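Written below as structure tokens is the structure these notes are about.
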Amino acid sequence: MILYNLLRILLYFIISILAIFNKKLLKFFKSRLFQKIGNDNFLNDNEEAILIHFSSVGEFNLTQELIEKMLKDSNRKLILSVMTDTGFSTVNKKYSANGNVKIIYFPLDDFFTVHKIYQKYKIEKTIIIETEIWPNLYYFASTNGELIIVNGRLTEKKLKSYLKFGWLIRKALNHATKIMVQSTSDKERYEKIGIDKDKIKVYKNLKYSIKYNRITEEEIKKYNDTVIDKNKKVIVCGSTRPKEEKIWLEVFKQINVDNEYQLVLVPRHLERIGEIENIILENFSKDEYLLITQIEKDNKNKDYKKIILVDKMGILTDLYQMADFVFVGGTLVDIGGHSILEPLYYGKKPIIGKYFQNIEEIVKDAKELGFIEIVQNKDEIIEYLKKSENVDTGEFFEKNNEIDKIWKEIFD
């Protein structure tokens, strides 16, 4: 711990110099290290709080049902610690008016600020969502109450990097009284670090508890009037990564000889839009594709395009609901895959490639019921696209939602 914090002091010195020339960096660190930490009558003398820490919007989304259950079924107040600006904004939008919730930026594991948080608030339990390892947070959480990790995940790649600092990681993780992980593979990796196996238990991914939004009939009509050609078989490729758009464009060109399909590309990172436009123009004319923001600007679409390129955030789940076929990206290239639960929730059978190590447990669950299509190459994609297949996944989510078991584990 002493060495860790000495290294942090050196890092602060370097960052402070860089921040002089970078206002964005300065704002980032100032908001987290110099935020107001005080009781502000949030807790009465006899009250205790639960601190829940998550990194970003994704972790917040999968934690919402657990948060709601805590607010409804216990008398405790919640302190929500968030790392990112977008996560902080999203959490504020949801809970800023709730007197039982306090929202803070995670103070980047600064020793003094973390210490101050545990001095100002009586925190009986600290819950870490997934596996962010912060030695100072873990230390103060365990010495002031109970530290619990929920929805823990540890990939082989991460394990290798952690083993390089095994002594520090092992000491931090062993501060936890309970570590709930997503799969037996995750459990085995934690054990390789040297974590007490009795602390580790396997529960299904919290993502099974998420209640995804459904679009209204009015929204469906708007999409059909402007973007989606309901007379075609619509293929939505979500969270695509480099090289995957090229594969799908080649597939689309080969299969769409009778003009019976429409392709919607939703890249994971919007800064790649220009790059993807160039790839489209290698195989199609300018008149055959359009950016979705251009369509929305005109608010009409008399001539539906063969290819829609989505250059805005926040509508992927809408498009999944409009799709006949759904591909989930990061799986045809060695990224490891993004969540397949959204399309499954909407009764769509996801198409993925062979690289799904980040979602292997969920893929295993879906595969057992025939709720996923794993393809090895373009020929297999084309063969599957000749079919039409929706699935009834209601029971699938009910069966795998273990939030009540996780709740019991936390409060036992």
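Quick notes
- Rg(Cα)/(2.2 N^0.38 Å) for region 303-412, N = residue count: 1.20
- For region 3-11, 3J(HN,Hα) computed residue by residue from phi via the Karplus equation (6.51, -1.76, 1.60; θ = phi - 60°) reads 4, 4, 6, 5, 5, 5, 4, 4, 5 Hz, glycine and proline entered as x.
- Normalised radius of gyration (Cα atoms, divided by 2.2 N^0.38 Å) for region 31-80: 1.31.
- For residue 152, the residues whose modelled amide H falls within less than 5 Å of its own, excluding neighbours fewer than 5 places apart on the same chain, are 130, 180, 181, 182.
- Within the full protein context, the accessible area of residue 146 is estimated at about 40 Å² for a probe radius of 1.4 Å.
- Calculated from backbone phi, Karplus (6.51, -1.76, 1.60) coupling profile of region 313-324 in Hz, x at Gly/Pro: 8, x, 10, 4, 5, 4, 5, 4, 6, 8, 7, 8
- Computed [θ] at 222 nm, helices only, for the chain once each DSSP H run of length n ≥ 4 contributes -39500 (n - 2.57): -13000 deg cm²/dmol
- Overall, the ratio between the Cα radius of gyration of the chain and 2.2 N^0.38 Å, rounded to two decimals, is 1.08.
- Shown for the chain: the carbon plus sulfur share of the solvent-accessible area, taken with all protein chains present and a 1.4 angstrom probe, equals 50%.
- Computed over protein heavy atoms with a 1.4 angstrom probe, the accessible surface ordering of 222, 23, 233, largest first, is 23, 222, 233.
- Considering all C-alpha pairs of region 137-240, those separated by over 18 Å amount to 63%.
- Over region 187-328: Kirkwood hydrodynamic radius from C-alpha pairwise inverse distances, Å: 17.1 Å
- Sequence of 284, 21 when ordered by accessible area, the most exposed leading, probe 1.4 angstrom: 21, 284
- Accessible area per residue, Å², region 189-328 with all protein chains present, probe 1.4 Å: 50 Å²
- Between the Cα long axis of helix 23-33 and the first principal axis of the chain there is an angle of about 50°, rounded to the nearest 10.
- Across the options 323, 291, 228, the greatest Cα extent toward the positive end of the charge dipole of region 226-354 (unit charges at beta carbon of Lys, Arg, Asp, Glu) belongs to 323.
- Seen from every direction in turn and averaged, the convex hull around the alpha carbons of region 353-412 projects onto 5.4 nm².
- Listed values for region 271-280 are Karplus-derived 3J(HN,Hα) couplings in whole Hz (6.51 cos²θ - 1.76 cosθ + 1.60, θ = phi - 60°), namely 5, 8, 4, x, 4, 5, 4, 5, 5, 4, and x replaces Gly and Pro.
- Once the Cα atoms are used to define both axes, helix 111-120 deviates from the longest principal axis of the chain by about 70 degrees.
The values are calculated or read from the model by the stated rules, or taken from the named source; none is laboratory data. Predicted, not measured: the structure shown is a model, and the values here were computed from it. Ideal geometry is used to build each Cβ from the backbone, glycine not excepted, and the neighbour counts take in all protein chains shown. For the accessible areas, the whole protein counts, side chains as well, though only heavy atoms, and no ligand, DNA or RNA atoms are used. Shrake-Rupley method; radii C 1.70, N 1.55, O 1.52, S 1.80 Å.
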